[in-house]
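Engineer: Below is a structure I'd like to ask you about.
The values are calculated or read from the model by the stated rules, or taken from the named source; none is laboratory data. Just so it is clear, the model here is predicted, and its values are computed rather than measured. Cβ atoms come from the backbone with ideal geometry, glycine included; neighbour counts cover every protein chain shown.
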Amino acid sequence: MAENILEVKDLVKHYPLTQGVLFKKQVGAVKAVDGISFELKKGETLGIVGESGCGKSTLAKVLMNLERATSGQVLFKGEDISTLGGAALKAVRRNIQMVFQDPYTSLNPRMTVGDIIGEPFEIHPEVAPKGDRRKAVQDLLDVVGLNPEYINRYPHQFSGGQRQRIGIARGLALKPEIIICDEPVSALDVSVQAQVINLLEQLQGEFGLSYMFIAHDLSIVRHISDRVGVMYLGKMVEIGSDEQIYENATHPYTQALLSAVPVPDPTARENRERIILSGDIPSPANPPSGCRFRTRCWKAEERCAEEVPLLAIPTTLEGPAAHDSACHFAEVRESAAA
């Protein structure tokens with residue numbers, strides 16, 4: 001078994017809601033991330049899926065320390081990095097980099113590609129001495145499949161897929177051990193998505209990277225991920241290997257997501273039972289008591305409103321299929337991913 005390179009323990013990120021103009025008083029909080037725990041192993045890809053507003057991107061920002069955690073721990077190789085600052089944080093950030101969602105806004109339009117990819121070297125000059133930086137940038141362009149001679153071009157001279165490759169090259173510049181991919185292909189055409197996913201897989205094998213891959217598209221997540229975590233309203237509701245989640249999903253929310261995945265086989269599509277969730281996702285400022293999914297769940301009972309379900313292995317699962325699920329009535333739904 002590979003060692004854990006990143007461990008997240010009871011991570012919480014709440015944004016205060018205030019009232020008043022001069023004397024602001026906190027009247028509540030938006031519970032964007034509310035007690036999440038998981039681990040990322042060296043060399044693996046952990047996919048994170050869930051609806052918009054469930055806290056996926058906030059989780060990524062907290063792991064990067066772009067947002068300070070309200071409580072909880074983020075352990076990188078056993079060291080809690082959630083409270084670091086100054087030089088200590090700067091040293092850790094070299095090992096954890098991020099690829100952002102929108103390639104059209106994540107690159108500075110006033111900077112050349114060479115300056116964009118080389119900017120990390122200004123912050124960490126020990127990685128590439130000044131005289132070697134142009135060669136280092138050109139090597140990075142070549143690694144992500146772009147012409148090294150494009151070094152003096154500007155972002156507007158590239159397509160969306162090429163821009164995302166530039167973002168990936170920037171993420172690789174400091175030779176990190178972990179890359180957090182925040183929906184890196186959602187803004188790209190389908191054909192380009194496949195190219196970028198294949199590039200990420202190639203780079204993972206070449207550099208031994210660990211990925212946390214955030215996405216909406218469950219088909220893409222299944223293709224690239226070793227394990228999958230499903231988030232709902234700031235909570236992790238199910239987590240396991242890709243096979244465990246896609247073949248033996250036990251949480252009703254996961255089953256609903258999987259039932260919406262497009263199936264190319266018309267016969268399988270007709271025979272599959274589609275789960276339509278009623279209502280909208282509740283506000284993270286005022287989440288339901290007990291199980292947060294109960295307001296949209298067809299299995300909900302009185303117990304669900306009173307008791308928060310633990311993220312644990314259901315009694316209905318044994319052997320290789322056993323994985324954690326946060327549901328009082330967790331059971332395998334036949335052909336959930338078929």
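Engineer: Take the range 1-15 and flag every residue that is more than 21 Å from Pro309 (Cα to Cα) and either surrounded by 12 or more Cβ atoms within 10 Å (Cβ to Cβ) or basic (Lys, Arg) (or both).
Structural biologist: Of everything in the range 1-15, those that are more than 21 Å from Pro309 (Cα to Cα) and either surrounded by 12 or more Cβ atoms within 10 Å (Cβ to Cβ) or basic (Lys, Arg) (or both) turn out to be Asn4, Ile5, Leu6, Glu7, Tyr15.
Engineer: Now a separate question. From the list Ser52, Ser71, Ser82, pick out the single residue that is of a type outside the set (A, V, I, L, M, F, W, C) and at pLDDT 95 or above.
Structural biologist: From the options Ser52, Ser71, Ser82, the qualifying one is Ser71.
Engineer: Going through the range 259-286 one residue at a time, which ones are at positive phi and not small (Gly, Ala, Ser)?
Structural biologist: Across the range 259-286, there are no qualifying residues.
Engineer: Are there any pairs with C-beta distances below 9 angstrom linking a residue in the range 33-60 that is over 16 Å from Arg222 (Cα atoms) to a residue that is polar (S, T, N, Q) and in a helix (DSSP H, G or I), with the two at least 6 apart or on different chains, and if so which?
Structural biologist: Val33/Thr58; Gly43/Gln204
Engineer: Looking at Val113 and the list (1) of a type in the set (Val, Ile, Thr); (2) closer than 26 Å to Arg165 by Cα; (3) under 21 Å from the mean Cα position of the chain (by Cα), which single condition is not satisfied?
Structural biologist: (3)
Engineer: Go through the range 109-148 residue by residue and tally those that are in a loop (DSSP other than H, G, I, E, B) and of a type in the set (S, T, N, Q).
Structural biologist: 2
Engineer: Determine the pairs where a residue that is without any contact (Cβ under 8 Å) to a residue 40 or more places away in the chain, located within the range 189-200, has a partner that is surrounded by fewer than 19 Cβ atoms within 10 Å (Cβ to Cβ) and in a helix (DSSP H, G or I) with Cβ atoms under 9 Å apart, the partner being 6 or more residues away or on another chain.
Structural biologist: So the pair list comes out as Asp189/Gly160; Val192/Gly160; Ala194/His223; Ile197/His223.
Engineer: Can you tell me which residue in the range 114-142 is surrounded by the most Cβ atoms within 10 Å (Cβ to Cβ), limited to those that are under 26 Å from Ile197 (Cβ atoms), among the β-branched types (Val, Ile, Thr) and in contact with a Leu (Cβ under 7 Å, 6 or more places away or on another chain)?
Structural biologist: Among residues in the range 114-142 that are under 26 Å from Ile197 (Cβ atoms), among the β-branched types (Val, Ile, Thr) and in contact with a Leu (Cβ under 7 Å, 6 or more places away or on another chain), the one surrounded by the most Cβ atoms within 10 Å (Cβ to Cβ) is Ile117.
Engineer: Right, next: Does at least one position in the range 155-166 carry a residue that is at pLDDT below 95, closer than 22 Å to Ser225 by Cβ and in contact with a Lys or Arg (Cβ under 8 Å, 6 or more places away or on another chain)?
Structural biologist: No: the range 155-166 contains no residue that is at pLDDT below 95, closer than 22 Å to Ser225 by Cβ and in contact with a Lys or Arg (Cβ under 8 Å, 6 or more places away or on another chain).
Engineer: What residue, of Leu59, Leu46, Leu66, is touching a Phe, Trp or Tyr at 6+ places or on another chain (Cβ under 8 Å) and within 14 Å of Ile180 (Cβ to Cβ)?
Structural biologist: Leu46
Engineer: Starting from residues that are of a type in the set (Gly, Ala, Ser) and in a loop (DSSP other than H, G, I, E, B), keep the ones in the range 261-300 and report whichever is farthest from Gly53 (Cα to Cα).
Structural biologist: Only one residue tops the list, namely Ala300.
Engineer: Any idea how many residues of the range 66-77 are more than 21 Å from Ser283 (Cβ to Cβ), out of contact with any helix residue (DSSP H, G or I) (no Cβ under 6 Å at 6 or more places or on another chain) and free of Cβ contacts under 8 Å to residues at least 60 places away in the same chain?
Structural biologist: Looking only at that region, the number is 2.
Engineer: Could you list, ordered by first residue, the pairs with Cβ atoms under 9 Å in which the first is in the range 287-312 and on the phi > 0 side of the Ramachandran plot and the second is part of a helix (DSSP H, G or I), at least 6 apart or interchain?
Structural biologist: Gly290/Arg303; Gly290/Cys304; Gly290/Ala305; Gly290/Glu306
Engineer: Collect the residues in the range 207-223 that are more than 18 Å from the chain's Cα centre (by Cα) and without any contact (Cβ under 8 Å) to a residue 60 or more places away in the chain, keeping them in residue-number order.
Structural biologist: Phe207
Engineer: Something else about it: State yes or no: is Phe100 touching a helix residue (DSSP H, G or I) at 6+ places or on another chain (Cβ under 7 Å) and within 29 Å of Ala173 (Cα to Cα)?
Structural biologist: yes
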